[in-house]
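All of the numbers you see were taken from the coordinates with simple rules; none came from a lab. Computed from a predicted model, the values in this text were never measured in an experiment. Here the Cβ positions follow ideal geometry from the backbone for every residue, glycine too, while neighbour counts run over all protein chains shown.
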Amino acid sequence: MKYRFLLLLIFLSPIVEILGSDKTVIPYPVWGQSVGVYNIFVISADAKEYRNSKDYDRNRNISLDGELKLGDHFSVSAGYGYVDQYATQATPWSGWDRWKAGLKTFFTFGIFSIGGGVNVYGPSSSEPWIGERNPDLLLVRPHLGFVLDFGRTKFQAFGLYERETDSRFRDPVQDKYYRYMEAGATLSYETNSNWILLLETTYRMAVEDTIPAPRSDSFNLHPGVQYKIGEGGRVFFSGLYGMRKDNTYDQGFKLGYQQMFSFE
């Protein structure tokens, strides 16, 4: 019996190390929707592409996002960016992306936390209307998610729904409008050094009766890392690997810098 207990301790020791009780900040996801509330700004650049013998699609994006906490349970956010889009089967374009404004709420109950909010994206002055998203309409994106915090190891997941709307947040006056659902998850582990290991997934699916678009659905895997620099700074890099046939993009990457700050 004594030896069985010893073997059990040896077996459980790696798990105890991984699920240690050290409380650390919930990592800010690289690709997916963040669930927690932060004082943070993020500058990032990404490149994605779809390669096919008859079809090629490339997207490059530079963006700046910021979030400000309002107490312990709420935050507001804003963002802007620049897009360069090229495709053999569509009109290439480049220019300023849609502005973004958001509101989030977040509550913690032991190791379990829950959060939700909404992001609103403004019209796109640079994007031509090629039959998918109408660049003159707003995009509304409500989301809901949760976090499991085991110390150095954390798991967060989210679901969201995006739809087009007019300036009064009503359905647009057209037969069909663009809508989709997205879900994703982030598993992270903070090492004893400054490295944070990330594994993210994102899945997007067009909603029934939306405007048809080629390769509108996607399932992606995003392995990545964050490296802590100074007080609250993190450099990050993450890949994109398409996991389904006719994925929106086959491959890509995203890199940038996060700066978390406090007013205390």
What is the set of long-range amide H partners of Tyr56 at a cut-off below 5 Å, with H atoms built 1.01 Å from backbone N? Thr88, Gln89
Hey, what number do you get for the chain at 222 nm if only DSSP H runs of n ≥ 4 count, each worth -39500 (n - 2.57), divided across all residues, to the nearest 500? -2000 deg cm²/dmol
Given the Cα-Cα distance of Ser193 and Phe74 and 0.36 nm per residue of separation, how much length would full extension add, in nm? 39.8 nm
How large is the charge dipole for segment 23-260, taken about the Cα centre, if only the Cβ atoms of Lys, Arg (+1) and Asp, Glu (-1) carry charge, to the nearest 20 debye? 440
Farthest toward the dipole's positive end in the chain, which of Gly66, Leu255, Val140, given Cβ charges of +1 (Lys, Arg) and -1 (Asp, Glu) about the Cα centre? Leu255
Separation of alpha-carbon centers, segment 33-75 and segment 150-186, rounded to whole Å: 14
Most exposed first by the Cβ proxy, i.e. fewest other Cβ within 10 Å, how do Asp250, Asp217 rank? Asp217, Asp250
Which semi-axis lengths, in whole Å and largest first, follow from the square roots of five times the eigenvalues of the Cα gyration tensor of the chain? 36, 22, 18
Calculated FRET efficiency for the pair Glu264/Met181, C-beta based, R₀ 30 Å, to 0.05: 0.20
0 to 90° range, to nearest 10: angle between helix 2-18 axis and the chain longest Cα axis: 40
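Determine, for each peptide in 160-167, 68-75, the mean count of other beta carbons within 10 angstrom over its residues, then list the peptides with the highest first.
160-167, 68-75
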What is the chain's relative contact order, in percent, from Cα pairs under 8 angstrom and six or more apart in sequence? 17
Please find, in a Gaussian network model of the chain (springs between Cα atoms separated by less than 10 Å), the residue of Ser34, Ser44, Ser126 whose mean-square fluctuation is greatest. Ser126
For segment 31-48, what does the Karplus curve 6.51 cos²θ - 1.76 cosθ + 1.60, with θ = phi - 60°, yield as ³J(HN,Hα) per residue in whole Hz, taken in order and with x for Gly and Pro? 10, x, 6, 6, 9, x, 10, 9, 9, 7, 10, 9, 10, 8, 9, 9, 9, 9
Starting from the Kirkwood radius over alpha-carbon pairs of segment 146-264, derive D by Stokes-Einstein at 4 °C in a medium of 1.567 mPa s and give it in µm² s⁻¹. 77
